[in-house]
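Participant: Starting off with a structure, shown below.
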Amino acid sequence: MKSKIDAVSILEQMLVENKTYDLNGDELKVTGPISKKEANFIMKIIKRRKLSMCVETGVAYGVSTIAICSALSELEKSGLECKHWGADPCQNSDYNGAAIAALKSCNLDHLFELLEGPSHVKLAKLAEEGVKVDMVFIDGWHTFDYTLIDVFLADQLLKPGGILLMHDMQMPSKQKVMRYLFSHRKYRRITGSPMRTLTRRFLSCIKNTLLKGPRMGLVHLTQPMLFAAEKIQDYEPNHDFFKNF
């Protein structure tokens, strides 16, 4: 692989050829990334809203990381101070620095800081330091409890007007966290997230209707995998607030 190539080519390599390279130059197969349409959606919203300070949970091969940092590099050229933090305990142990290698190959590594460790520890540390950001992308450990903690801490980090993104919304755990967000915090959903092809959604709907019931089948048919919402204001419910979600 060439030592320096542009971010668009890196994304094509990852999303079309499903390959990337680690810090040793060894080829890796990319699995489970965001889609090309989702990457474009993320880049577009960053550039349009000038979201110059970003955080993500779950870096893995670095597809979303490259997309975010690519958009930030354009904002940087206009004079904005830009930075992207990525919380991931497995970037070096499981991926041998694949995301770091990809960032270096297209000269975007200066925009990125790896927070190597669990997201519930690293995001809390950012909040403790008083960091405020414009966008948080949640794509770490997918169970309800870890996702809920990520979203809770994301809300602490986000400025009013900031954007919260969450991936893999076909999962019941993510649907439940989304309901928490709207019942316990002040957010406005942003429409326009890209959908999977109708064929993929239809097949997934049939599979999940059989396995998990019609409600989850409908989710797979009608919901985009990428959720986006704007934070309206800083808000904490009263100490005795309770609402089923």
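The values are calculated or read from the model by the stated rules, or taken from the named source; none is laboratory data. Here the structure is a predicted model, which means the values were calculated and not measured. Cβ placement follows ideal geometry from the backbone for every residue including glycine, while neighbour counts extend to all protein chains displayed. When the accessible area is computed, the model is the full protein with side chains, heavy atoms only, and any ligands, DNA or RNA have been set aside. Shrake-Rupley method; radii C 1.70, N 1.55, O 1.52, S 1.80 Å.
Participant: Restricting to segment 203-217, what's the tally of residues that are assigned to a loop (DSSP other than H, G, I, E, B) and touching a residue at least 24 places away in the same chain (Cβ under 8 Å)?
Facilitator: 0
Participant: Ok, one more. Within segment 23-41, restricting attention to residues that are in contact with a strand residue (DSSP E or B) (Cβ under 7 Å, 6 or more places away or on another chain) and in contact (Cβ under 8 Å) with a residue 24 or more places away in the chain, which residue is nearest to residue 197 (Cα to Cα)?
Facilitator: 30
Participant: From (1) surrounded by fewer than 19 Cβ atoms within 10 Å (Cβ to Cβ); (2) in contact (Cβ under 8 Å) with a residue 40 or more places away in the chain, pick out the condition that doesn't hold for residue 220.
Facilitator: Condition not satisfied by residue 220: (1).
Participant: I need every pair where a residue in segment 66-93 that is under 19 Å from residue 105 (Cβ atoms) and free of Cβ contacts under 8 Å to residues at least 12 places away in the same chain has its Cβ under 9 Å from the Cβ of a residue that is assigned to a loop (DSSP other than H, G, I, E, B) and not β-branched (Val, Ile, Thr), sequence separation at least 6 or different chains.
Facilitator: none
Participant: Here's something else I'd like to know. Out of all the residues in segment 129-172, which are under 21 Å from residue 208 (Cβ atoms), at pLDDT 95 or above and not in a loop (DSSP other than H, G, I, E, B)?
Facilitator: Across segment 129-172, the qualifying residues are 144, 147, 166.
Participant: I've got another one for you. Just checking, how many residues over segment 141-155 are closer than 20 Å to residue 186 by Cα, without any contact (Cβ under 8 Å) to a residue 60 or more places away in the chain, of a type outside the set (Val, Ile, Thr) and open to solvent by less than 60 Å² (accessible area, probe 1.4 Å)?
Facilitator: 2
Participant: Separate question: On the given criteria, is residue 200 in contact (Cβ under 8 Å) with a residue 12 or more places away in the chain, open to solvent by 40 Å² or more (accessible area, probe 1.4 Å) and under 22 Å from the mean Cα position of the chain (by Cα)?
Facilitator: no
Participant: With open to solvent by 20 Å² or more (accessible area, probe 1.4 Å) and under 18 Å from residue 229 (Cα atoms) as the only criterion, which of 29, 77, 37, 83 stands out?
Facilitator: 37
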